[in-house]
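See structure below.
The values are calculated or read from the model by the stated rules, or taken from the named source; none is laboratory data. As the structure is a computational prediction, the values presented were derived from the model and not from experiment. Cβ placement follows ideal geometry from the backbone for every residue including glycine, while neighbour counts extend to all protein chains displayed. In case anyone asks, the SASA skips ligands and DNA or RNA and just uses the protein heavy atoms, side chains included. Shrake-Rupley method; radii C 1.70, N 1.55, O 1.52, S 1.80 Å.
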Amino acid sequence: MPVPFSVVSIRDFYAFEQHVKTCRAYRGLDMVPQWYQVPVFYFSNAVAVIGDNDPVWAPQGSSALDYELELSCVIGTAARDLPADDSAMDCVAGFTIMNDWSARDLQRAEMAVGLGPSKSKDFATSLGPRLVPFSDLKDCYRDGRLHLNMTASVNGKQYSQGNSGAMYWTWPQLLAHACRDTELRPGDVLGSGTLGTGCILELTPEAVGGWLNPGDVVELTIERIGTLTNRIVERPR
């Protein structure tokens, strides 16, 4: 299904402390102090965006496909050098669900070099099923955060659950950082990063029965926005 807006660029942040702490702890690592100083992000591939009910397959050479449950905002009005307060939200057209698909085996190799992620991420990013105007969600907006329940299910079994209000960094902070010394334009997408418990990597494949495989159906649901559904298929030859 077509994505309900044109995507110009994707910046994906790392804004949920629980997700970062848990994933680092599995590798025997403490939190990086700099994580609390700046809301970091990476650029993903706008060309690889897919929509609700579109098929997904693991990229070449990967056998560790993972989903990532995220909330994302879409820019509606150009902005530059915004302040990190609620006035920054004036440039936001609305919010949608993001599934930041990840090939974890490729990602491990890339991140070991100290640069990336790249090919472990840019094969697919799901957005949808609709764009909900920020004006329709203002009753859920407090302290710079939207407070919406979020869940992820695989084959009808719930894997992930949490609330978008648990973000450490606020949306105005993400917006201000993204447009510092540059311009945000209509169609730019900013992802929140993965909700705590919002991926198999964090839950561990051992606990949930493995990585995603052809035939699996992944459903990401965010209150007031809907459900974003994708089926895993074999990689086309």
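Evaluated at q = 0.23 Å⁻¹, the base-10 log of the normalised Debye intensity for the stretch 32-150, with identical point scatterers placed on the Cα atoms, takes the values -1.34. Altogether, the Stokes-Einstein calculation at 25 °C and 0.890 mPa s, with the Kirkwood radius of the stretch 1-100 over Cα pairs as Rh, returns a diffusion coefficient of 151 µm²/s. Our note on the geometry: Cα centres of the stretch 60-101 and the stretch 196-234, 19 Å apart.
The candidate values were (1) 14.0; (2) 15.0; (3) 12.1; the one computed from these coordinates for mean projected area of the Cα convex hull in nm² carries the label (3). Remark: the chain carries a charge dipole of roughly 340 debye about the Cα centre, counting +1 on each Lys and Arg Cβ and -1 on each Asp and Glu Cβ. Hey, got a sec? Which GluC sites (Glu not before Pro) in the stretch 129-237 land in a DSSP loop and have at most 10 other Cβ atoms within 10 Å? Within the stretch 129-237, no GluC sites (Glu not before Pro) qualify (loop, at most 10 other Cβ atoms within 10 Å).
For the stretch 190-237, what class follows from the C-alpha gyration tensor (a ≥ b ≥ c being the square roots of its eigenvalues): rounded when a/c is under 1.5, otherwise prolate if a/b is larger than b/c, else oblate? Verdict is oblate for the stretch 190-237.
Give the peptides 124-131, 95-102, 84-91 in descending order of average Cβ contacts within 10 Å, highest first. Could the numbers behind the result be given before it?
Numbers: 124-131: 23.1, 95-102: 26.9, 84-91: 15.9.
Order by mean packing, descending: 95-102, 124-131, 84-91.
Of the residues Arg237, Arg104, ranked by 1.4 Å probe accessible area with the largest first, the sequence reads Arg237, Arg104. In the chain, helices alone account for a calculated mean residue ellipticity at 222 nm of -4000 deg cm²/dmol, with every DSSP H run of four or more residues adding -39,500 (n - 2.57). Neighbours of Cys73, meaning other residues whose beta-carbon lies under 15 angstrom from its beta-carbon, give a summed charge of -1 when Lys and Arg score +1 and Asp and Glu score -1. For the chain, modelled as a GNM whose springs connect Cα atoms under 10 angstrom apart, the maximal fluctuation among Val49, Val113, Val208 occurs at Val113.
Quickly rank 60-71, 15-26 as a protection proxy: mean count of other C-beta atoms within 10 Å, highest first. Intermediate results must be reported in sequence, preceding the final value.
On the way: 60-71: 21.8, 15-26: 18.2.
Averaged packing, sorted descending, gives the order 60-71, 15-26.
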